[in-house]
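Colleague: Submitted below is the structure of interest, expressed as structure tokens.
The values are calculated or read from the model by the stated rules, or taken from the named source; none is laboratory data. Remember, it's a predicted structure, so these values are computed and weren't measured experimentally. For neighbour counting, all protein chains shown are included, and Cβ atoms are generated from backbone atoms with ideal geometry for every residue, glycine included.
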Amino acid sequence: MDEKQQDYVKVLARRCLTTSRFPAGRCANASTLLIAITLHLFSAVALYVLATAGISAVGYVSSGPALLLTGLRPAISAYEYLYARLVMIRQEWKYPREDVVELRSRFDTLEVTVKRLEEQLNPEQPFSLAANQQIYLEETRKELARIAASFEELRATNQIEHERLAREARVAIAQLSTDGQFLDHVREIIRFFKTA
């Protein structure tokens with residue numbers, strides 16, 4: 001419902017509550033309303049004058065309805081206009097325009113999406129994003145602890161292997177030096193036999 005119609009309903013409600021008068025409809029402008037009231041008053045006065053002059057006995061009876069119709073016909077017009085306007089507003093209220101329906105549909109979709117996101121972000125829900133992240137974090141910590149333990153084990157094994165290789169190298173070097181001394185002694189003996 002657009003703002004013009006809302007304003008109209010508010011003004012109408014305010015008038016109906018504060019006074020018993022109904023506003024005149026927009027279909028009759030001020031000049032035609034004034035002419036209609038003047039003609040009704042003129043015909044009522046003319047009928048009354050005829051009745052008092054004794055020309056017609058119908059004058060008394062006819063002047064009353066003429067005066068009554070002076071206010072009744074504009075009131076009926078105003079009521080018909082008011083009824084038509086309110087029916088039109090109710091129709092728009094009951095069956096809104098397509099853009100309002102589309103906006104309502106989009107809003108419902110957004111509302112469902114927000115609820116789904118709230119559920120996914122709630123850490124108390126078992127399959128929420130926060131709970132999954134917590135599980136992943138715990139698994140990652142366990143995996144890191146396992147890797148650290150494996151690394152320490154490999155480091156210790158590596159240290160032991162290095163020490164073993166160092167020992168073997170010392171033994172080999174000692175053996176070579178012993179063999180080298182033996183060869184030196186053999187050379188001395190060979191030289192001794194050559195010179196002798």
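Colleague: Quick one: in the stretch 66-83, of everything that is of a type in the set (Gly, Ala, Ser) and surrounded by 12 or more Cβ atoms within 10 Å (Cβ to Cβ), which residue is modelled with the lowest pLDDT?
Modeller: Ala66
Colleague: Only one of Lys115, Lys194 is assigned to a helix (DSSP H, G or I) and loosely packed, with under 10 Cβ neighbours inside 10 Å. Can you tell me which?
Modeller: Lys194
Colleague: Further, regarding this structure: With Ala156, Ala145, Ala149, Ala130 as the choices, which residue is in a helix (DSSP H, G or I) and either within 31 Å of the chain's Cα centre (by Cα) or modelled with pLDDT under 90 (or both)?
Modeller: Ala130
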